[in-house]
Structures are given as structure tokens and as C-alpha cells.
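Trainee: Mind looking over this structure? Questions follow.
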Amino acid sequence: MENAQRNIKTGKRSYGKLFSLCVSWVFLAGCTNGTVHQPLNILWITSEDMNAFLGAFGDSVAYTPYLDRLASEGVRYTHAFATAPVCSPSRSCLVTGVYATSMGTQHLRSELTIPEAIIPFPKFLREKGYYCTNNKKEDYNFQDPTIWDESSATAHWRNRKEGQPFFAVFNFETTHQSRIFGSDSVFHERFGKRLPEELRHDPQQMVPPPYHFDSPLIRKMWARYYDLVTIMDQQVGEILQQLEEDGLTENTLIMYYSDHGTGMPRSKRALYDSGLRVPLIIKAPKHLQEDLGLRPGTSTAELVSFVDFAPTMLNILDLPIPAYMQGIPFLGSHKQTQAYIFGHSDRVDEALELSRTVRGPRYRYVRNYYPQLPLIQPNFYTDQSEIMQELYRVKALGKLSPAQASMWQEERPTEELYDTESDPFETHNLAKDPSLRETLLSMREAQKNWARKTFDSGLLPEPLMQAYGKDSTIYQVLRDTLLFPQEKILTLADRMLQTKPYRKLIDEALLSQNPALRYWGVLTLEADEKIPKEQEQMIIALLEDPVPTVSIAAAAKLCRSGMCEAAYPTLLRHMATQAGMNRVIAARIFQLYIDQAGSNTQQAAWNLMSGPCPESNRLNYYTRYFCWALEEGFKSIGKEVETISFP
């Protein structure tokens, strides 16, 4: 720890009025008007996969008396956002105060190494004598067994030494997307029977969002979701009751939030409010409410992001905020505000993704770097759910409203812009509205500046990140302009927004010695449905590129241009010889174009599955994703694979 701290440049923070009289060598206590109180405790209560489905936030369907009471005693944040619409990258950011994209921890289940100099913030509290406990989910996309004093299903502040201040986290998985899966009898046995009939939600009272088809099954799934919210609320009530029983309520800062938006389709993995907006309630002890500006029963529309949580906790305790943290403190003596917050969406399981977003008080901007891929992609995990099967069934009927059709576009626009006041479900893209041109350009530039400032590792393809991460950390690689020529990549990416040919720029990229630039040279051509004739032979030549990432990208572009016959041998070769994400991506591209393959090509891919895939649930994640991609591909052409049950 001491060696790591010597490598950190900490931001200078003078002690504020709030705690200036109360600093001890062991921990920090709270003071008001010179009165010394017991050390301030911090309690975080987290639910999963949830928007603000709470009565306190105006949801008339929700039954959440415990959280509603907490809100009446604290402050509701109406514009709080996760940094990613999926769990592990969000948690990675929460525990470090650094965007997952700055550390290379944004891809689900990637587990790359982060620098020793980036210290998860509970360690700073532990150094000051705090007992830090996590019950129980970590899921940070990196491993560090030294973050917590205790991290388990039995972790609790009650396990600390007598009088020791604590930081305790309780995470409830009750509202996770997977909890609504299964038959009525299975759901009742697992969850429904926990509620008396009068607290069960009536499907007839459910009103699905406009992008979901309104059918009895869809309404039933939403009713299940709200039942789970009520159960979660009761679990929160139990924790708050334990705090009260221990006489700790009046000296504990309580925060409730969810790890990202709802787990429903077009929410999880999607850069809209449905995927990123979270409920946030903060209640301070009475003696700190005035100093922290947390007046009971009020709300605020301040923009708050997960990247702000760690620096805010340190600021409240008047501890130095390390310079590597990328958020702002939104409470305490050095409180700041911001005009925009930022988010990202990257690979989840076998589904490839690279999108970024900027959110202001009113407008949301989305930049899609893989516009050739649809928003709703095939995904083995989610496609087995009843709600996805119902949405696929309705889609096949072809009778969709414009809002419903918006989630099924085969390709996405490179840019999206939404007015969240007039269009809260974000289904009407205003990116081409001339009256909002200045708003679009301003938010576009803000996104690029964020990518520069935070060294967005998403601009490196994941297999290259894996290769570079063997000898270093991605955080360090991103600062090496030879490995990561960020400005050149951003310039190439801008070509997707233009109608100019940019031939010289792309030719130079395709012939570059840097594999990341060759990759982006191919990717920028995705703005063209067909490969420009003058660059066709260059793309074909890249099928033999020594870096598999580039070779696979060239095969993908050829398939998209109707030249899959030239690409299939390359995809099969990489599926047979590569490991990790290269094999997953090759399988994913093959899956998307499997219907164009001849019988011999399909049989060759089938043979590659015969070994590992029937046991894929026991294998490492990358092999599992490889199997899932091919299984979904064969399913799409009517050939079922006898394989694992739902994981």
C-alpha cells in the first residue's frame, strides 16, 4: 500500500469547516458548532437492474414504503446515472472513481489488471480505521482481495470492533433481469410467494413502455418486475431496521441506488435513460444535513454520475482525493457541479458493442462506433427469456409502431440526439434536426474531449487490449502513443460522420504498421455499405494480416459488402486456431452471416463446436461466448444444438 501511494499524485484539499475540529489520527468524526459526534458511518444499499421504480420518484404502480420513507428523510437525486448500462463496468467505476474505459475493465468478464497506483477507495477508509464490509457482490472486472475487511454473504457492520466506524455495502440481486425468467410456478416458488396477494401487482395495471409491444405476456413480465421491486424494498427495510436497532441511524450517512437501469430489453446494454438512469437517495444524520445541503424530503436535478461517488465519499470525510480519480465531489466542502455526464457501452457476452453517450440536463447524445450492428443483437443469455421470445414473436408479425420499430433497426445511426423532456423514452432521434445543430455539435465535441481526457480504451479492439495487457496494464498502454495513436484513431472515426471520401487518410491507415490503425481503417469503411472499388483489394489483402484482430475485421467488412465467400475461410481459420476474444469475434461474425454460407462451410463450423460446446457452461468465459455465438447462429437457420440449459 505504501509503495502504491508513493506513486500517486493526490489533489490538494484543505480541511473544510465541516470536519476541521474533529480530525484524529485514527479516523474522522463529524462536528457541528464545535460539538464532537461519533465518527461518521457510511451505508450503501444497492439494488440491481432498476430505474426509479419507486413511489417516492412518482411511480404510481410501485409499492415501496421503506424506500419512500428513506426518501422523505433524505434527498432524491432525479438525474443520477450509471457510467455503463451493465453491472461490472459500473462497479469497476464505483469502487475506484475511474471510468472502466480508462482501465480496460469495460468488457463483461474480462478481468484485466489495473495499475497498483489506482487504489479502490475503501482502502483509504480502512487506513483511517474504518471497518469496510461488502455483502456480497464485487464483480469489478478485476481481482483485488484486499479491498474489504470482509466481503461475503455474512459481511456486516456488526462484525467490526466495538466503537469502530464502518463503511458497509449491501447489494440485493432481487431485481436482476434473470429473476423474472421462468414459468409462473417457478417464479411463484422463488419470489411470488414472498408477497401476500394484496401486494402482488396486477398485470392489467401495467403499462409497458412504448417501445415494447403491449401483450398479456409483456404485461405479466412487468408485473413480475414490480413484485421484485416490492420484495427488494422489504429487504432494504430490514437493513434500515437493523441500523436503528443498533442505535446507529443518527450517525450514519445512508445512500441507496441501483447498479444501472432496468434489465428489460432496450434498457440493459443500451445508452438511454432506461439503461443508465438510476434512483439515488441520500440521507445524512441530522447534525450534518445543513452542512451537506441534504434537507429532508427534497429533490435535486443535479447531474450525478457513478464516477463521482468515490471522490464524494472522500470529500465528505475530508480525505485527499487522488488526482487519478475522474469524477467530482457532489457533497462536502469542495462540492462541484457539472454540465454533462458520460457513459459507455461495450461488449457483453458475445454481443459486440462500442457506443458512447453524453447526457445534459435535457438532451442525450449517443455516438455509435459500430453502426453496422443493431441495438438488439442476438444474445444467448437474454434470448432465452420469455420477454425476449415474445418480442421476437411480435417483431416477426411486422406490425410495429414507430417506437417499437426503433429498437429493431438492422443498423444504427452513427449519431443520436434526444430531447428527454419531450421524448422521455428516447425513441425520436433528432440528430438531423437543423434547429438542434449547435446542440449536436457541442455534445459531439464534448464526447471527443471526454475520450481524449480519459484515454478511452474502447478505441482499441479488445483482442489487442488482451495482447498488450500481458506485459503491462491497459491504463499504461493508453499513454503510449506508439501503441495507442489516439488522435489518429479519433480522426479516422470522424470519417464516419462525413460524406467526403477521405481516401488518402484511409489508405494510410490500411497500410500502417500499427494494427490499431489498420483496424480502424477497415472500421471507418463501415460508413459505406459497399467497399469502395479502389480499396477492395486492400481489404482482401488484410485477410492475411498477421494480427488476427485486423484479419477478422477485414472478413467482417467483406461479408457486409456481400463478399462472404472470400471471408469464410478466414473466419473458420481463426475459430479453429485462435483463443480468447479473437475466436469469439470470428464466431460472432460467422453467426451474423451464417445464412449466406454453403452447406460445407456450415458443416465445418458445426464440427468446431462438437468438442467444447456441449460442456460450455463449465469452460472459461471466452470459450463459452464462442459456443453461444455459434449455437445462436445455427438456431437462426433451424438447426438446434443439444447443449447446456439456461446458465
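Trainee: Tell me which residues, restricted to the stretch 209-250, are at pLDDT 95 or above and either of a type in the set (D, E, K, R) or touching a Gly at 6+ places or on another chain (Cβ under 7 Å) (or both).
Mentor: 219, 220, 224, 227, 233, 238, 244, 245, 246, 250
Trainee: Is it the case, given these coordinates, that residue 593 is open to solvent by 40 Å² or more (accessible area, probe 1.4 Å) and closer than 18 Å to residue 351 by Cα?
Mentor: In short, yes.
Trainee: Can you report the number of residues in the stretch 477-486 which are farther than 19 Å from residue 522 by Cβ and either acidic (Asp, Glu) or out of contact with any Phe, Trp or Tyr (no Cβ under 9 Å at 6 or more places or on another chain) (or both)? Can you show your working first?
Mentor: If we filter the stretch 477-486 for residues that are farther than 19 Å from residue 522 by Cβ, which is where we start, we get 477-482.
Filter once more, keeping what is either acidic (Asp, Glu) or out of contact with any Phe, Trp or Tyr (no Cβ under 9 Å at 6 or more places or on another chain) (or both): 480-482.
Total satisfying the criteria: 3.
Trainee: Output the residue which, of all residues in the stretch 195-225 that are assigned to a helix (DSSP H, G or I) and touching a residue at least 60 places away in the same chain (Cβ under 8 Å), is nearest to residue 403 (Cα to Cα).
Mentor: The residue in question is 218.
Trainee: As an exercise: evaluate residue 425 against (1) free of Cβ contacts under 8 Å to residues at least 24 places away in the same chain; (2) within 24 Å of residue 177 (Cα to Cα) and give the number of the one condition it does not meet.
Mentor: (1)
Trainee: Are any of the residues in the stretch 428-447 of a type in the set (S, T, N, Q), closer than 20 Å to residue 345 by Cα and at pLDDT 95 or above?
Mentor: yes
Trainee: Mind checking which residues of the stretch 132-173 are under 19 Å from the mean Cα position of the chain (by Cα), among the hydrophobic types (A, V, I, L, M, F, W, C) and under 16 Å from residue 119 (Cβ atoms)?
Mentor: 142
Trainee: Another question, then. Could you grab the pairs with beta carbons closer than 7 Å, sequence gap of 6+ or different chains, first residue in the stretch 291-312 and over 30 Å from residue 106 (Cα atoms), second one modelled with pLDDT under 95 and hydroxyl-bearing (Ser, Thr, Tyr)?
Mentor: 291/32
Trainee: Follow-up question, since we're still on this one. Could you identify the single residue in 129, 97, 74 that is within 26 Å of residue 288 (Cα to Cα), open to solvent by 10 Å² or more (accessible area, probe 1.4 Å) and in contact (Cβ under 8 Å) with a residue 40 or more places away in the chain?
Mentor: After applying the criteria, what remains is 129.
Trainee: Can you tell me how many residues in the stretch 166-193 are in contact with a Lys or Arg (Cβ under 8 Å, 6 or more places away or on another chain) and either aromatic (Phe, Trp, Tyr) or in a loop (DSSP other than H, G, I, E, B) (or both)?
Mentor: Count: 5.
Trainee: Counting only residues that are part of a helix (DSSP H, G or I) and open to solvent by 40 Å² or more (accessible area, probe 1.4 Å), which one in the stretch 378-400 is nearest to residue 268 (Cα to Cα)?
Mentor: Going through the qualifying residues, I end up with 381.
The values are calculated or read from the model by the stated rules, or taken from the named source; none is laboratory data. Because the structure is predicted, anything quoted here is derived from the model rather than measured. Backbone-built Cβ (ideal geometry, glycine too); neighbour counts: all protein chains shown. The accessibility values were calculated without ligands, DNA or RNA, using every heavy atom of the protein model including side chains. Shrake-Rupley method; radii C 1.70, N 1.55, O 1.52, S 1.80 Å.
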